[in-house]
Ligand code: FAD
């Protein structure tokens, strides 16, 4: 690949192969591979690369089993050639047979589904589920039976692909078994009283059953609803699953010393925000013995930002205002960390203003120790600050930050780069900021940029070891939090950004902050 004309990077949700690595990657692989051979100098390939990336993103949930590859040009080919690697035995070239002029995402996706479905038992990739429809004779006996998992029956018309796509979307999840039935199967339809297609009928582990209501009859909505059923969780990328196939694990597990507190995912909890500040001031900052120069400036800006924008007044604002005034009044260019800690811990307490002396996660609880917590609360804090800045545009006047178009993002960027304990995260965030933060030019774009960036991180981390199985990383907000945020255009999921902005303004507003410690 010519470096100037690189069409794909490691950040893309696909595997970049070379002629050297192609064979070893696909031989004996338990996954099916869809491989694009291309020349980076050919105009057609360059044009098609954005569709190829979007396609890879679109089927990413399936991608552990259907890998996307983009090896460097094969011979002197000046066009894209697509090959489907069927298990480890033979390679099917799609080009001659089925690759027509229509290479749109839904068409290629449907083509993949057809090929996966046409496997015989013998040559089906190890993890590929059967995609054939079930019959009422197979499914009716399951009604009323107890089980250790959900069974989701997708009923759809014969030419619909939604059922098979949802089955593949759920491939990496345990706790739910997927079956598909055609709308022509009258006995099942009559028994379950199903009249709308596509629709999902859910058999619960306790033997009860009923329709699964979805606001929109779209693949993304179905997949998202099923993934968020209690106990349904993602297999981890490391290959070790936290439960055996099809079985649900009861979470949270008892490795966590803190008692579990139920909470409402549509709320933001002040306990999380306060814990973020507690951790930031008492743990993260403590790794710096003294604050001087650039560090001191960044810390001061952060304190000012929180003092001016933290919603609802109260102790936190008082503390941050006092800290901010104190920092500004200091003639010193160098402040020992201990002096900051003394102020936060002792002087403020005397005047009755103090920050909780312990970490109390609510919306940021992890299902076990080491998951979620601080990074979750830090994202939450900055989302709140972007929304508060939008609601109070003049709040930063006379602070030195008023000249910045997107001050919350700028301060966050500097803070993460200088102080954030996860250096690898900081490096990634810095790369993203350098690449696109300048596209955010006003308060609305500031809210949306952070939302978008956070979703990129979610996508990148989905299924990784830091992914809490109770809170699998997924595009956010889910349809159950905001149905109008999601649409489908030409068969592909798209965000309705106006509605996302409206949702974020509400979700991270002062009025949606809950002071409770649990629901
Ligand atoms: P989080 O991703 O922390 O999200 C917290 C809450 O924010 C969610 O529960 C949800 O309510 C809400 N939310 C989710 N998505 C969005 C969105 N798009 N917009 C608005 N609100 C949303 N970890 C790594 O392993 N590698 C990294 O490179 C990395 N980079 C990071 C960069 C930053 C700046 C931060 C703050 C954290 C980073 N982390 C990284 C940590 C990681 O992103 C998670 O914070 C952590 O794994 C905990 O995940 P979580 O499930 O609690 O959800």
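Taking the range 443-477 as the search range and keeping residues that are more than 7 Å from the ligand (Cβ to nearest atom), farther than 23 Å from residue 309 by Cα and over 10 Å from the mean Cα position of the chain (by Cα), which one is surrounded by the fewest Cβ atoms within 10 Å (Cβ to Cβ)? Applying the filter and picking the extreme gives 465.
What about residue 440, is it modelled with pLDDT of 95 or more, in contact with a helix residue (DSSP H, G or I) (Cβ under 6 Å, 6 or more places away or on another chain) and within 10 Å of the ligand (Cβ to nearest atom)? No: the conditions fail for residue 440. How many residues are free of Cβ contacts under 8 Å to residues at least 24 places away in the same chain and under 18 Å from residue 463 (Cα atoms) when one looks only at the range 203-232? Number satisfying all stated conditions: 1.
Contact map, the range 436-455: first residue touching a residue at least 60 places away in the same chain (Cβ under 8 Å), second residue outside any helix (DSSP H, G or I) and more than 8 Å from the ligand (Cβ to nearest atom), Cβ cut-off under 6 Å, separation 6 or more or different chains; pairs are 446/406; 446/440.
Can you find a residue that is more than 7 Å from the ligand (Cβ to nearest atom), farther than 21 Å from residue 288 by Cβ and more than 14 Å from the chain's Cα centre (by Cα) anywhere in the range 415-430? No, that holds for no residue. Residues that are crowded, with 18+ Cβ neighbours inside 10 Å, within 12 Å of the ligand (Cβ to nearest atom), over 24 Å from residue 468 (Cα atoms) and at pLDDT 95 or above: does the range 403-410 have at least one? Yes, there is a match, as at least one residue in the range 403-410 is crowded, with 18+ Cβ neighbours inside 10 Å, within 12 Å of the ligand (Cβ to nearest atom), over 24 Å from residue 468 (Cα atoms) and at pLDDT 95 or above. Residue 415 meets the conditions (1) surrounded by fewer than 16 Cβ atoms within 10 Å (Cβ to Cβ); (2) touching a residue at least 12 places away in the same chain (Cβ under 8 Å) in every case but one. The failed one is (1). Restricting attention to the range 92-120 and to residues that are in a loop (DSSP other than H, G, I, E, B) and at pLDDT 65 or above, the residue that is farthest from residue 188 (Cα to Cα) turns out to be 103. Touching a strand residue (DSSP E or B) at 6+ places or on another chain (Cβ under 8 Å) and within 14 Å of the ligand (Cβ to nearest atom): is that true of residue 433 in this structure? So residue 433 fails the test.
Taking the condition modelled with pLDDT of 60 or more and over 28 Å from the mean Cα position of the chain (by Cα), does residue 136 pass? When the stated conditions are applied, residue 136 passes them. Do we have residue 325 as in a helix (DSSP H, G or I), surrounded by fewer than 16 Cβ atoms within 10 Å (Cβ to Cβ) and modelled with pLDDT under 95 here? Taking the combined requirement at face value, the residue satisfies it. Would you pick out the residues in the range 337-377 that are away from the ligand (no atom under 13 Å from the Cβ), at pLDDT 75 or above, surrounded by 15 or more Cβ atoms within 10 Å (Cβ to Cβ) and part of a loop (DSSP other than H, G, I, E, B)? Once the filter is applied, which keeps residues that are away from the ligand (no atom under 13 Å from the Cβ), at pLDDT 75 or above, surrounded by 15 or more Cβ atoms within 10 Å (Cβ to Cβ) and part of a loop (DSSP other than H, G, I, E, B), the range 337-377 yields 359, 360. Among residues of the range 497-511 that are more than 18 Å from residue 311 (Cβ to Cβ) and more than 13 Å from the ligand (Cβ to nearest atom), those with a Cβ under 7 angstrom from a residue that is at pLDDT 95 or above and not in a helix (DSSP H, G or I), sequence gap 6+ or separate chain, pair up as 499/482. More than 8 Å from the ligand (Cβ to nearest atom), assigned to a loop (DSSP other than H, G, I, E, B), at pLDDT below 95 and touching a helix residue (DSSP H, G or I) at 6+ places or on another chain (Cβ under 9 Å): is that true of residue 480 in this structure? Taking the combined requirement at face value, the residue satisfies it.
Let's see how each residue does on (1) assigned to a helix (DSSP H, G or I); (2) in contact with a strand residue (DSSP E or B) (Cβ under 7 Å, 6 or more places away or on another chain):
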position: 437; (1), (2): yes, no
position: 450; (1), (2): yes, no
position: 455; (1), (2): yes, no
position: 466; (1), (2): no, no
position: 472; (1), (2): no, yes
position: 484; (1), (2): yes, no
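The values are calculated or read from the model by the stated rules, or taken from the named source; none is laboratory data. Keep in mind the model is a prediction, meaning the values are calculated, not measured. We place every Cβ from the backbone using ideal geometry, glycine too, and count neighbours over all the protein chains shown.
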